[in-house]
Each structure stands twice: as C-alpha cells, then as structure tokens.
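The values are calculated or read from the model by the stated rules, or taken from the named source; none is laboratory data. From a predicted model like this one, the values you see are computed outputs, not experimental measurements. Positions of Cβ are backbone-derived with ideal geometry, glycine not excepted, and every protein chain shown enters the neighbour counts.
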Amino acid sequence: MRRLLLLGSPNCGKTTLFNKLTGNKERVGNWPGVTVESKTKCIKIENLPYELTDLPGIYTLASDTENTSQDQSLTLDILQQANIENTTILNIIDSSQLERDLYLTLQLCALGFPMIVVLNKKDCAEKQKIVINKGELSKALGCPVIELEYLKQALLKQEIPHVFLEDLWDTAHALTVQVQQQQPLKNVVITETLDKLFLNRLLGLPIFFLMMYTLFFLAIHVGGSLQPMFERFSTLVFVEGFAATLRAISMPEILINALAYGVGRGVSVIMTFVPVIAILFFCLSLLESSGYMTRAAFVIDRVMRFLGLPGKSFVPMIIGFGCNVPGVMAARTLESRRDQFLTILMTPFMSCSARLTIYAVFVAAFFPHSGENIIFSLYLLGILMAVFTGFLLKSFASQETISPLLLELPAYQRPSVFQLLKETYSRLHGFILRSGRMIVIVCAILSILNAFSILSWLAQSITPLFSPMGITQNNWLAVVGLMTGMLAKEVVIGTLSSLDPHFMSHFDGPIGAYAYLLFILLYIPCVSTMAVIKQETSRRLMWFSIGWSLLLAYSVAVVFYQLATFDQHILQSSTWLVIILLMNALTIYSIKLNIRRHQGDWVSAALCGGQKSCVTACGGCQVTRGNFQ
Amino acid sequence: MILNTSELKPGDRVRLISFGDIALTYRQKLLAFGLTQGVTVSIIRRAPLGCPIQILVRGISLMLRENEAKNLQWEYA
C-alpha cells in the first residue's frame, strides 16, 4: 500500500484536503498550528488502497532541537523515517504565498521522494490577481503540479517520478570553481601513499590481519594480563574488605552473604572487565579516528558479505574471541541498526577466552593426544552456529538483506590523544553504569541461592533434563557448574573442583565430556554479555539471544551424544533425535511468525516489546486498517 | 562504448550515463555523494579480493560494491 504524506507550511490547507479525501471531520481553522499531531487513515481511490497521513505544517526542513516545536519535529521525524520506496509526498502550496512555500518545496525536492505539488487556496490567489504557470513550474521542479481538484486523477494517471534535485550539485560545483583556490595538499599525498600500502592488492589483507591481531593482542593479552591485578584488588576491597567491615559491625551472616559475596562480587566482576574494555575502546577509537577503520572495511568486505554482514562486522567478531562483552560493544561502530543487531546476535557464539580455560582442563583429562583438534572443532562449531543464526534471520526478513555499502574513505588523520581518552572514558563509563546494574543484581541473587544450598538443590532437581546429553544424576555437580558459569564462564572449573576435586570421573568418558563442552560453548552468554546485549539492543533481543543459544546448545549436545552412543540404545536415541528436531522446527516456525507479524522486519520485531512506540515502528495504520472509505 | 560497473578498471576515467534500474534508496545515497548523471569519475583501485571498488568523484574518495552498482552504465570520459 502506498503511503501519502501531506506536507506544507502551516495553514496551507492540508487538513482540509485530508478531510476531503477521507470524509473525516478533523478540526480545521484559519490559523497556523491547528494540526498538532499526525493522523493516518486508509482510503481507496478507484479501488486502490492508500494510507494518507496528515502532518503538522512546517516552513523548513531545518530543525534545531531547542527552537523547533514538538509538533514540527514530529513532522520531521515521520519524514525522516519514511521509506522512499512506498511513500509519495503531497506538497500542498498556498497559491497566494508561492514564494514562501516554494522554499519548502525545493528542500523536499532534494529528498528524492516521488512528489506531487498541489496548488491550494485558489480563491485567495484569484482575489490577489495571481496566476501561476503550472507547466513551467512542473518543468522546473521535475514533478507534477496540479490544482486540488485534479489530485485523484494525478495519483491514478501515471507513475509519479521521483524527484532528484541533481541541479544542486551543479550549483555546488559552479560555486566551488568560482570561490575556491587550492594548492596541492600534503595531507592528500600522505593519504594516497598510505592507501597504496594499506589497500595494496597483495599486502592489504596481511596488513589488515596484522592490525586485527594487534588489536586482539592488546585488548585480550595486555588487558587480560592486567585482569588478575584488578580482580585481586577489587576482591580485596569489595568482597573481603566489605565482608570484614560488615562483620565488624556484627551484621547477620545472611546479609553479609548477600551484600559482600553478592553485590560486592558483582562490583568486582565489573572491575575485572575494566582493563580489557578500556584498552579495546582506546584502540577502536584510534582505528576509527585515524581513518583506518574504513580501509579495513574496504579490504575485508568481500569475505563478510558471505555472512550477510558488512566488512566492519569483522572487528566485533574478532574481539568476541577474546571476550564477548567488548565484542558486543564494538558492534556500535556499524552503520545500520540491522547490521549492529545481527553482529550482536552472532558474537556470543565466538568462543571467548573464558571458555578456553574450561576446554583446556577437560581436553587434558579426556583427549591427551588430539586436544588441539578438539578445541579447534569447538571454535569452528561456534562460528558455524553464528553463521546459521545469521542465515536464519536473513531468510525470514522481507527487506533487502544487506545495507548497500557507500562509504567515504576519509583522509588519514593524526588522532588527538585527549580525544581518544575522552571517548574511551565515556564508553567505559556507559558500560559500568548500565551493564553493571544487571551484573550486580544477578550476582546477588546467585549468592543468596548458594547460601541456602538452593543452588545445589535446584541443580539436582533439573539434572534429569540433562540426561540425554550424558549427564547422569550422580553428576549433578556438572549442572551446578553450568549455573555458576552463567556468572562468568571462567568460574565453571573453579566451582567444579572446589565441590569435588575428582569431578572428571563422573562424566561419561570422552563422549560425555565433549557433549558437555559443546553445551558450554553454546549455552547462554554470561551475565555480563547479557547485560551489554540488553544495553545495546533491547530486553527482548537479550531474551531471544538467551533462549536461542540455550536451544542450540541443548540440541547440539544431545544430538552429538545420542549419535555417538546410537548403537547402545537405538530406540531411545531415535526418540531424542525426533524430539530435538520437533523442538527446533517449532521454535524456528514461531520466530518466522513473529518476524512476519512485523512485516518481515526482524529489527523492529526485536525492538517491539508491546510498547506504544511499536505501532509507529511497524504498524503505521494498524488501528485504522480495514476502515476503508 | 557503454561500460558496466564490472568492466571498470583501475586508472579509468569514466562518465556516468545512466543509473539503470537501481533501488531508489541506493540512488538517493549515490546522489548524496555527488554521483549525478554525467559526472566524471576516476577509478582508483579494486580491493584485494576484487570488490569493492574505490572511486574518486567530485574530490570524494568513495567505495562501492560491484554487485550493488552493477546497473550503473558508464562511458569513457
């Protein structure tokens, strides 16, 4: 259905036209500002459906937040969000105020929408003896110019051309030639020379990988080597020091547990991320402001396009191998929301260094000879699952799959250290404040559960759920490990070995251990990752990420275990395989339905939590739909 | 001689003669970077894997993907 937007200066007669077309009786009046909100109605013209929107009048597209009234910024917002493919602008002009109104018309022309100029207030113009040459005006603007009465015919008659005001560029060019003198610039020469190196056909890719490796090395290794120091310090202050203080003022043990070992531990978890995230963001800001980031996108774009992602997505994914938290945050540098969200959904499948600590212990015990292959297979499987997730969302989305790439390669610049530090600080600050809250809350809840032995009771009661992946009831410790692993995956081994130093003996040999590792690889991101996903996207997408990774983890682990032990219990294994298949089919189908409900736009499906804003984002005129005239 | 985007080689100086049948949102973006009908463009280089292409238009150094710009038609300037 085509959308028609009524645009024009205040009091040029938009609402009068709206009422005429819809048969509505909206308030009209002869003063500017009668319409202060947008109204949308579906109408039919000769059986063709249209969605007509009346907007508050504006004089100009220029806006500054302080002086533009709310009704006018509403118009600008709606215009900004309008889709050029299905929207036609009806620009209403007050014939007695041609010059004033053409100022807006010319601005609208530059937007590239199909447009019809409607001359209104003919009576006023006639009184002032004004005659307008419509043919001449139409030629100059490149769009139909008609009188009000002929609007319906004009809409039906032919395809309305898109107006692209290419002349603006000619004017800009002529003006530049006239006023500009240029001496050859050193900066341009430097940029050309550097580009010859960085974008070189042979050296471009190796240099790119070297840059990425340096980034990874600095953030994960240098930042990571600072982590124990931060951890020791913050544990000393926020956990032990805090607990000692609370004991000194003789608080009850339960409160000490919740405050020091819950809240305090949460603060200490956040602190351990500080060096990694600070270094990462410093490096990212450096890459961005120096101008290399767009070169990186240029070099790797071809590879990433296979995944339906732009070249820049490579950076968050690489970072994700170190730690998912900064990986998710690095996705901020992407241009479109769709690319950012997709990258964020894929990043948790990149096996982070915390997971590597778990693999290392298990592999040493169960696969002494082929350890590196086992670990490599886990990394590869993570990447495959990320690609699978991407393809799934891509195939359900109705809109074009990837935003077109049109990036300017700016001249290289020497970044200012002060600016870099400022940017790093503001990003770090955002992480601590917003993600920190959730991390603290979850830590507090888990510590309370642990204090009352609820955690082990809970683990024991849900252990049967894990039997199809080879975890028997006497191995309920493994489930406790999974639960504390939600906090941070590096604590899994710590939990297991502190509860039972011989925890390895409970696993069903190498097969059971590998199934457990598969689950560890894929199951829900740690609480810090969840917190940043929520911070960067929406609560709904965070829950989706949790549920989806849990399903994939369970499916992969069970399918592996059942296939590996197939000949021992053929019937049982087949049943489990069928159940897993059904579970996945059902989930994928419901994802598909959900995306369909949002007109194939999964980004707005992710943002929509049933709030009001959802209606404008994905429905438009749902309220009045079916209410044709 | 009419050229497709895929036939452009580094070092070429070409004129844009037609947008062909491209998505309007894309055309709008192109316009914002000064790619208007008749504008002269220098082809700087291709990425190491062949795509995207770096071009110079109105002093702006720009990259575009070959498959997205495939409908654009050019002639030697």
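Looking at the structure I just gave you, is B:Ile22 at pLDDT 85 or above and surrounded by 13 or more Cβ atoms within 10 Å (Cβ to Cβ)? Write out each step before concluding.
Details: at pLDDT 85 or above: no; surrounded by 13 or more Cβ atoms within 10 Å (Cβ to Cβ): yes.
Here the answer is no, as B:Ile22 does not meet what is asked.
Can A:Ile130 be described as touching a Lys or Arg at 6+ places or on another chain (Cβ under 6 Å), among the aliphatic types (A, V, I, L, M) and not in a helix (DSSP H, G or I)? Steps first, please.
On the way: touching a Lys or Arg at 6+ places or on another chain (Cβ under 6 Å): no; among the aliphatic types (A, V, I, L, M): yes; not in a helix (DSSP H, G or I): yes.
No.
So, in region A:486-507, how many residues would count as being in contact with a Phe, Trp or Tyr (Cβ under 8 Å, 6 or more places away or on another chain) and touching a residue at least 40 places away in the same chain (Cβ under 8 Å)? Explain how you work it out, then say what you get.
Initial filter on region A:486-507 (in contact with a Phe, Trp or Tyr (Cβ under 8 Å, 6 or more places away or on another chain)): A:496-497, A:504, A:507.
Still in the running and touching a residue at least 40 places away in the same chain (Cβ under 8 Å): A:504, A:507.
Final tally of qualifying residues: 2.
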Inset, instruction - Report yes if some residue within region A:290-304 is of a type outside the set (Phe, Trp, Tyr) and more than 13 Å from every other protein chain (Cβ to nearest Cβ); otherwise report no. - result: yes
Legend entry - Candidate set from region B:37-52 (those that are in a loop (DSSP other than H, G, I, E, B) and exposed (fewer than 15 other Cβ atoms within 10 Å of the Cβ)); member that is farthest from the other protein chains (Cβ to nearest Cβ): B:Gly38
Legend entry - Residue satisfying condition, being under 26 Å from A:Ser453 (Cα atoms) and surrounded by 18 or more Cβ atoms within 10 Å (Cβ to Cβ), within set A:Phe507, A:Phe544, A:Phe560: A:Phe507
Legend entry - Residue under evaluation A:Gly262, criteria (1) within 30 Å of A:Leu203 (Cβ to Cβ); (2) surrounded by 20 or more Cβ atoms within 10 Å (Cβ to Cβ), criterion not met: (1)
Inset, instruction - Could you identify the single residue in A:Lys134, A:Lys121, A:Lys152, A:Lys127 that is away from chain B (no Cβ under 14 Å), under 22 Å from A:Thr16 (Cβ atoms) and in contact with a Ser or Thr (Cβ under 6 Å, 6 or more places away or on another chain)? - result: A:Lys121
Inset, instruction - Considering (1) farther than 20 Å from A:Ile520 by Cβ; (2) surrounded by fewer than 20 Cβ atoms within 10 Å (Cβ to Cβ), say which one A:Ser447 fails and leave the rest. - result: (2)
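Check A:Met530, A:Met483 and return the single one that is over 27 Å from A:Gln562 (Cα atoms) and modelled with pLDDT of 85 or more. Don't jump to the end; show me each part of the working.
Numbers: A:Met483 fails: over 27 Å from A:Gln562 (Cα atoms).
It is A:Met530.
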Legend entry - Total residues in region A:555-607, condition in contact with an Asp or Glu (Cβ under 9 Å, 6 or more places away or on another chain) and under 18 Å from A:Leu342 (Cα atoms): 1
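Given the condition aliphatic (A, V, I, L, M) and either in a helix (DSSP H, G or I) or exposed (fewer than 15 other Cβ atoms within 10 Å of the Cβ) (or both), answer yes or no: does some residue in region A:226-234 qualify? Give the steps one after another, and end with the answer.
So in region A:226-234, the residues aliphatic (A, V, I, L, M) come out as A:226, A:229.
Filter once more, keeping what is either in a helix (DSSP H, G or I) or exposed (fewer than 15 other Cβ atoms within 10 Å of the Cβ) (or both): A:226, A:229.
Yes, the conditions are met somewhere in region A:226-234.
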Legend entry - Residue match in region A:547-569 (condition: assigned to a helix (DSSP H, G or I), without any contact (Cβ under 8 Å) to a residue 40 or more places away in the chain, farther than 26 Å from A:Ile358 by Cα and not hydrophobic (A, V, I, L, M, F, W, C)): yes
Legend entry - Of all residues making up region B:1-27, the number that are part of a loop (DSSP other than H, G, I, E, B), within 11 Å of another protein chain (Cβ to nearest Cβ) and free of Cβ contacts under 8 Å to residues at least 40 places away in the same chain: 2
Legend entry - Residue ID - nearest to A:Tyr412 (Cα to Cα), chosen from residues in region B:64-77 that are of a type outside the set (Lys, Arg) and within 9 Å of the chain's Cα centre (by Cα): B:Leu64
Legend entry - region A:83-100, residues that are over 41 Å from the mean Cα position of the chain (by Cα) and without any contact (Cβ under 8 Å) to a residue 12 or more places away in the chain: A:Glu99
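Select from region A:109-118 the residues that are outside any loop (DSSP other than H, G, I, E, B) and either among the aromatic types (Phe, Trp, Tyr) or within 14 Å of chain B (Cβ to nearest Cβ) (or both) and list them in ascending order.
Taking region A:109-118 as the starting set, the residues that turn out to be outside any loop (DSSP other than H, G, I, E, B) are A:109, A:114-118.
Of everything in region A:109-118, those that are outside any loop (DSSP other than H, G, I, E, B) and either among the aromatic types (Phe, Trp, Tyr) or within 14 Å of chain B (Cβ to nearest Cβ) (or both) turn out to be A:Cys109, A:Pro114, A:Met115.
How about region B:53-71: which of its residues are of a type in the set (S, T, N, Q) and at the interface with chain A (Cβ under 9 Å from one of its Cβ atoms)? Steps first, answer last, please.
The first filter runs over region B:53-71 and keeps only residues of a type in the set (S, T, N, Q), leaving B:54, B:61, B:67, B:71.
Hits for region B:53-71 are B:Gln54, B:Ser61, B:Asn67.
May I ask you to list the residues in region A:405-424 that are under 21 Å from A:Thr193 (Cβ atoms), part of a loop (DSSP other than H, G, I, E, B) and not small (Gly, Ala, Ser)? Break it down stepwise before answering.
Of region A:405-424, the ones under 21 Å from A:Thr193 (Cβ atoms) are A:407-415.
Then drop every residue that is not part of a loop (DSSP other than H, G, I, E, B), which leaves A:409-415.
Answer for region A:405-424, where residues must be under 21 Å from A:Thr193 (Cβ atoms), part of a loop (DSSP other than H, G, I, E, B) and not small (Gly, Ala, Ser): A:Leu409, A:Pro410, A:Tyr412, A:Gln413, A:Arg414, A:Pro415.
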Legend entry - All helices (runs of 4 or more DSSP H) inside region A:270-336 with 3 or more residues being surrounded by fewer than 21 Cβ atoms within 10 Å (Cβ to Cβ): A:292-305
Inset, instruction - Assess whether B:Gly34 counts as being in contact (Cβ under 8 Å) with a residue 24 or more places away in the chain, among the small types (Gly, Ala, Ser) and facing chain A (nearest Cβ under 8 Å). - result: yes
Inset, instruction - Please work out which one of (1) among the aliphatic types (A, V, I, L, M); (2) under 30 Å from A:Gln81 (Cβ atoms); (3) part of a loop (DSSP other than H, G, I, E, B); (4) touching a helix residue (DSSP H, G or I) at 6+ places or on another chain (Cβ under 8 Å) is the condition B:Met63 fails and give its number. - result: (3)
